[in-house]
Amino acid sequence: MKNDESVSVRKSARPLLLMLGLFIFLSSIFAQKKEAFFDDCGRVWDLAKFNIVSEEDLKREGGLSVEEALRTLLRAHGAGSAWQSAKEWYLIKELAPLDKKFSEEEKSFLVSLFYAVKRPLLTRKELFSLSLNAPLTEYDALKYVTRFIGNTYSCIDEPEEIGFTEQGQTYARAFDRKLILSKSEENASRPILRKDFYILLASAMNTNVSFGGYSTVEATYFSFYENAAKSTRKEKKVLVHKESLYAKPKFNDDFSLSLNVKRPLLGADKYFTQITSYTADGRKVYGWLSTGVRTYCSPQDMVMLIIGSGDGRKIEYASYLELEISRCNSDWSESWEETARFDLSDVKIVQDLKMMNPGALKTFDGQWVPKTISLKSGLFKKDAFYLLHSYEHRYRKDEFNRDSFAIFRVGDDTSEFENLKHDEFRCGGLDTEDTHILEVMIDGDAKNGFVLHVSPESKEAFEEK
């Protein structure tokens with residue numbers, strides 16, 4: 001009888017032992033999560049150490065706004081998240097209804113959240129319901145932070161978390177990444193305390209994240225900041241100026257410009273030449289930067305430098321050029337530069353030519369380079385230069401659109417210029433959708449000065465075919 005009773009006791013104790021074992025196992029898992037959570041809490045002050053937030057922010061009580069949280073996360077992305085220009089906002093047609101809702105600075109900030117970061121924090125659709133001044137709720141905080149450390153599967157993919165449509169998905173992911181101790185959504189709509197958001201962010205920055213494309217590296221955001229701090233502490237060599245290098249520009253009789261440059265020929269050094277033209281009141285007209293020491297500007301170069309587009313996207317004329325030649329040695333530890341100014345007072349500009357009448361502009365397949373340029377009436381003259389001025393219309397705000405220029409000459413008088421080898425056509429990129437033309441003829445020589453006879457820019461644009 002006693003044996004029967006003992007068997008009965010053992011059978012009834014077995015479920016209790018299993019439950020006890022399960023409880024101990026779950027408690028162990030919970031303890032690990034809790035221990036990891038509080039370890040991450042200890043890194044909150046690293047947010048101030050790496051200038052992600054200030055020490056004053058860490059001491060502040062109460063909650064924070066959606067805008068504060070998003071700006072903090074953008075800073076936490078680090079050096080790879082340079083802010084975008086607000087002009088990128090005006091490229092996105094679907095955002096046109098929001099143009100008056102946000103300031104220019106806010107547009108730059110918001111567009112950075114899905115352009116300038118590896119893991120976008122916002123979708124364009126969310127912008128339509130976004131209130132930057134609204135209190136940050138617990139759900140909002142988890143939504144943005146899980147995207148911040150989200151899963152990506154290539155160098156261009158968005159994080160998987162940005163596609164979550166259910167609140168529970170975000171809570172489950174935050175729990176799996178040990179950002180929270182429970183999946184409970186009880187406080188989802190309540191404002192989160194500032195200190196709790198910083199603890200959450202510190203925990204996220206101390207979590208391993210996959211960086212890179214198909215060949216990924218596991219690391220934490222904090223480790224990137226720590227490595228960056230180590231590299232900045234390394235001794236840097238001081239840049240110094242070397243002996244003066246004398247450069248004196250002068251015109252040639254064909255309207256080209258020679259640059260008389262006397263310099264030491266050190267093969268290991270790197271040289272750069274920058275030439276920029278300005279109006280009398282200092283507005284930039286045109287310019288370029290080239291490697292090496294440039295000692296010559298062709299007549300075509302000079303026409304492009306002297307005639308360009310100033311404020312208001314209208315044709316303006318340069319009053320002076322600035323030449324800058326810089327040199328750096330092989331390890332970039334020493335540098336030198338000299339700037340020379342060249343006055344264009346010997347160049348007179350007279351608008352006495354007839355306005356031209358554009359015809360059609362045909363381009364090569366898949367290229368912005370014109371194949372043929374024709375006139376409705378009149379001829380291209382072999383002793384003239386022809387300047388094409390194109391207006392870009394990609395942006396909704398016109399101030400962000402740019403101008404582009406090209407110049408060409410013809411071999412004989414003709415009504416159609418055929419661009420076979422690009423020999424006489426110079427172009428740094430031409431937007432051909434709204435292209436106008438003006439004619440330039442040059443008289444004079446280097447001794448007596450030059451006169452540029454120009455036509456007004458054509459009112460009509462070329463028809464693009």
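The values are calculated or read from the model by the stated rules, or taken from the named source; none is laboratory data. All of these numbers come straight from a predicted model, not from anything done at the bench. Quick reminder, even Gly has a Cβ in these numbers, built from the backbone with ideal geometry, and neighbours come from all protein chains shown. SASA here: full protein model, heavy atoms, side chains in, ligands and nucleic acids out. Shrake-Rupley method; radii C 1.70, N 1.55, O 1.52, S 1.80 Å.
So, R0 is 41 Å and r is the distance between the beta-carbons of Arg341 and Ile92; what FRET efficiency does that work out to, to 0.05? According to the calculation, E is roughly 0.45.
Over the stretch 344-465, the ratio between the Cα radius of gyration and 2.2 N^0.38 Å evaluates to 1.11.
If you rank Asp434, Asp383 by how much accessible surface each has, with a 1.4 Å probe, what is the order from largest down?
Sorted by accessible area, descending: Asp383, Asp434.
Among the protein heavy atoms of the stretch 287-417, carbon and sulfur supply 45% of the accessible surface, probe 1.4 Å, non-protein parts ignored. The length gained on full extension between Val217 and Thr123, counted as 0.36 nm times the residue separation minus their Cα-Cα distance, comes to 31.3 nm. Other residues whose C-beta falls under 14 angstrom from the C-beta of Glu126 contribute a net charge of 0, scoring Lys and Arg +1 and Asp and Glu -1. Give me the one-decimal nm value for the distance between modelled label points at Asp352 and Thr165, 7 Å along each residue's Cα-to-Cβ direction. In this crude label model, Asp352 to Thr165 measures out at 7.3 nm.
The trypsin sites (Lys or Arg not before Pro) found in the stretch 61-146 that occupy coil by DSSP, while having at most 11 further C-beta atoms within 10 Å, are Lys100.
Going by accessible area, probe 1.4 Å, with all protein chains left in place, what is the ranking of Thr339, Thr432, Thr414, largest first?
Most to least solvent-accessible, the answer reads Thr339, Thr414, Thr432.
For the stretch 120-206, the carbon plus sulfur part of the accessible surface works out to 48%, probe radius 1.4 Å.
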